[in-house]
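The values are calculated or read from the model by the stated rules, or taken from the named source; none is laboratory data. As the structure is a computational prediction, the values presented were derived from the model and not from experiment. Don't worry about glycine lacking a Cβ; one is built from the backbone with ideal geometry, like all the others, and counts go over all protein chains shown. Side chains included, ligands, DNA and RNA excluded: accessible areas come from the protein's heavy atoms. Shrake-Rupley method; radii C 1.70, N 1.55, O 1.52, S 1.80 Å.
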Amino acid sequence: MTTGATVWLTGLPSAGKTTIATALAETLRARGSRVEVLDGDEIREFLSAGLGFTREDRHTNVQRIGFVAELLASNGVLVLVPVIAPYADSREAVRKRHQVQGTGYVEVHVATPLDVCSVRDVKGLYARQAAGELTGLTGVDDPYEVPETPDLRIETQGSTVEQSAAAVHALLAERGLTT
Ligand code: ADP
């Protein structure tokens, strides 16, 4: 069985979390690892159906994802989690859960600046917020607590997707979580 671990990619909407996770998953699978990507939108449709975007609900959502991620990771799966997770205490609780179980955990801050994210606006959320059609957008009118000591911090502007995914891959290799 390969060593499992959770790789949490935290950052603003459109920072590049999902794109990096998808690219990295492909590389890791090609090398024979078992990989799962826990997609935030999919989780909200099923596992976290009914939860909203209050501080409490966001926290609950992150804890549920952390729970599932740890279960998979402790069974040899490399779990990639491209989910905003805006609150430091939520992220810390997930890290602790992994620590207690002796399961690998890596936090990657995809630190693409807000001005770049809002131009990318992959899901049109920034435009909807600006038009007054949406409130509570992380980084704009809802908090994003920047990780103080992530295992890795990368900015994606000026880098290709391949370069960004390779940076995360290098960290996993350094930690002995992949070859
Ligand atoms: P998030 O999951 O953080 O909300 P997405 O991955 O859905 O963000 O969107 C990020 C966008 O930025 C995509 O359109 C992607 O092609 C683009 N992008 C440009 N450069 C990079 C890079 N180096 N890494 C990741 N995404 C990048």
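Data overview
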read-out	value
Among residues of the stretch 35-76, those that are more than 13 Å from the chain's Cα centre (by Cα), part of a helix (DSSP H, G or I) and free of Cβ contacts under 8 Å to residues at least 12 places away in the same chain, counted	5
Residues of the stretch 1-12 classified as more than 6 Å from the ligand (Cβ to nearest atom) and either closer than 14 Å to Val146 by Cα or open to solvent by less than 20 Å² (accessible area, probe 1.4 Å) (or both), total	8
Test result for Ala73, crowded, with 22+ Cβ neighbours inside 10 Å, touching a His at 6+ places or on another chain (Cβ under 8 Å), at pLDDT 95 or above and of a type outside the set (S, T, N, Q)	yes
Condition check for Arg91: open to solvent by less than 30 Å² (accessible area, probe 1.4 Å) and more than 11 Å from the ligand (Cβ to nearest atom)	yes
Set Ala15, Ala23: member being closer than 25 Å to Leu125 by Cβ, part of a loop (DSSP other than H, G, I, E, B) and either within 16 Å of the ligand (Cβ to nearest atom) or touching a strand residue (DSSP E or B) at 6+ places or on another chain (Cβ under 8 Å) (or both)	Ala15
Any pair with Cβ under 7 angstrom, 6 or more apart, that starts in the stretch 158-175 at a residue that is within 10 Å of the ligand (Cβ to nearest atom) and in a helix (DSSP H, G or I) and ends at one that is open to solvent by less than 30 Å² (accessible area, probe 1.4 Å) and not hydrophobic (A, V, I, L, M, F, W, C)	Ser164/Gly16; Ser164/Thr156
